[in-house]
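The values are calculated or read from the model by the stated rules, or taken from the named source; none is laboratory data. What you are looking at is a predicted structure, and each value in this text was computed from that prediction instead of being measured. Cβ coordinates were reconstructed from backbone atoms using ideal geometry, including for glycine residues, and neighbour counts include every protein chain displayed. Each accessible area value is taken on the protein alone, full model and side chains, heavy atoms only, with ligands, DNA and RNA left out. Shrake-Rupley method; radii C 1.70, N 1.55, O 1.52, S 1.80 Å.
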Amino acid sequence: MRKNTLQINAGGLLIGGGAPISIQSMTNVPATDVEASLAQINALCDAGCDLVRLAVPDMDSARAFALIRQRSPLPLSADIHFDYRLALAAVEAGADKIRINPGNIGSEDRIRAVAEACGKAGVPIRVGVNSGSVRRDILEKCGGPTTEALLLCAEENIKALEKYGFRDICLSIKASDVSRTIEANLAASKAFPYPLHIGVTEAGAGEAGRLRSGIGIGALLAMGVGDTVRVSLTGDPVKEIYAAKDILAAVGLNKSGVNVVSCPTCGRTKVCLEEVAAEVNAAVKNLKTDKKLTVAVMGCIVNGPGEAREADVGLAGGVDEFLLFVKGEPVRKVPADHAVAALLDELRPML
């Protein structure tokens, strides 16, 4: 059972408080390149992203943020560090959410200015704590970026906002170490009432990054912890969305979409299952649906009929052919080279 946290509203996107798990990403081009930023945001939207974060390192970026916000199909979060004036400018520019670390934006009067501006505009703040940016005195006290250090940093930053009556908060505690990320977020879930944004920071590239993120994010979600996620991968941010969707589907928390179940094959397999499964995965990747649907692509008579019967549409392999199942019922046999087309013909009316 998921923890029932407080809820925030980021430009109409509800996070926490029982809302569906949302997927986030971040552009990797300068905000000052408005067209490139919008191209990435639109691509992320098409892939299934719910909110996009943009780095705002200077006032030129804050001004560009306003232009991007006017044309963005998704809520936007402004990523702010060091200069509290950038946070104020981002709020003025229409940011739906602000990401700050109160510990690095200066004195209490500056924290208060940000809290008051966000409170007046109804803009939530994500308090972001990363193992790579914990204050030196906390690191020395705790002997490094330990779970204790991450929790202490989070507590100080939250109290800095609560002092001025601001509680429209989302918290993230991330480390590149998977075990520490899990441990710290489990502790944070018990310690704080706020929704948690979870992820493994600097997870890496390719399959290694997907694996680290899958373990860290998936484990937390399976234990009921986490309200919004980002898979941090080196490269094209659109890949983060597909990885996040796969993680949500794997733990049964996807809001919608087509989940493909396929067997690893064995010596009993008499069909070109790997090719068929790859075709099916590619075909359903971007199908739009507000339902949760399952497709099974199975290779032999041991588990094939059972898995295919449990799916919305399923294929159970025979000898150079498949038995096609629809909603638990065997419909007809189809040659292997027509199997994908037959499956999609049955699937499309369900979308």
FRET efficiency, 1/(1 + (r/R0)^6) with R0 25 Å, evaluated for GLU92 and GLU156 via beta carbons: 0.35
Distance in nm between pseudo-label sites at ASP320 and ARG135 (7 Å out along the Cβ direction from Cα): 7.3
Of all accessible heavy-atom area on the chain, the percent that carbon and sulfur account for (1.4 Å): 51
Simple spin-label estimate for ALA208 and ARG110 in nanometres, 7 Å along Cα-Cβ: 3.6
Most to least packed among 73-81, 162-170 [average Cβ atoms within 10 Å]: 73-81, 162-170
Among THR5, VAL129, ALA90 - extreme Cα towards positive end, dipole of segment 1-144, charges at beta-carbon: THR5
Length added when fully stretched, ARG71-THR234, from 0.36 nm per residue minus Cα-Cα: 56.1 nm
Segment CYS266-ARG167, extension gain: residue separation times 0.36 nm, minus the distance between their alpha carbons: 30.2 nm
Hits among aspartates and glutamates - C-alpha to C-alpha of LYS285 under 15 Å, sequence gap 8 or more where chains match: ASP46, GLU240, ASP246
R0 of 25 Å, Cβ-Cβ distance LYS120-HIS81: FRET efficiency to nearest 0.05: 0.65
Beta bridges by DSSP in the chain, antiparallel share as percent, to the nearest 5: 30
Given charges at Cβ of Lys, Arg, Asp, Glu: the chain dipole, positive-most of TYR164, VAL29, GLY204: TYR164
Calculated Rg and Dmax of the chain using C-alpha coordinates, Å: 22.7, 74
Mean projection area, nm², convex hull over Cα of segment 178-310: 9.7
Dipole-positive endmost among ILE15, ILE173, ALA191 within the chain (Cβ charges, Cα centre): ALA191
q = 0.12 Å⁻¹, segment 274-341: log10 I(q)/I(0) [Debye, one scatterer per Cα]: -0.27
Segment 70-174, Rg to Rh (Cα coordinates; Rh as Kirkwood inverse mean 1/r): 0.99
Chain lengthening between ALA341 and ALA43 when straightened (0.36 nm per residue, less Cα-Cα): 104.6 nm
Compactness index (Cα Rg / 2.2 N^0.38 Å), segment 17-85: 1.11
Normalised contact order of the chain, rounded percent, pairs of Cα under 8 Å and 6 or more residues apart: 13
1.4 Å probe accessible area per residue over the chain, in Å²: 44
Listed pairs LYS120/LYS239; LYS97/LYS141; LYS163/LYS190 exceeding 28 Å between Cα atoms: LYS120/LYS239; LYS97/LYS141
Surface/4 of the Cα convex hull for segment 1-126, nm²: 7.8
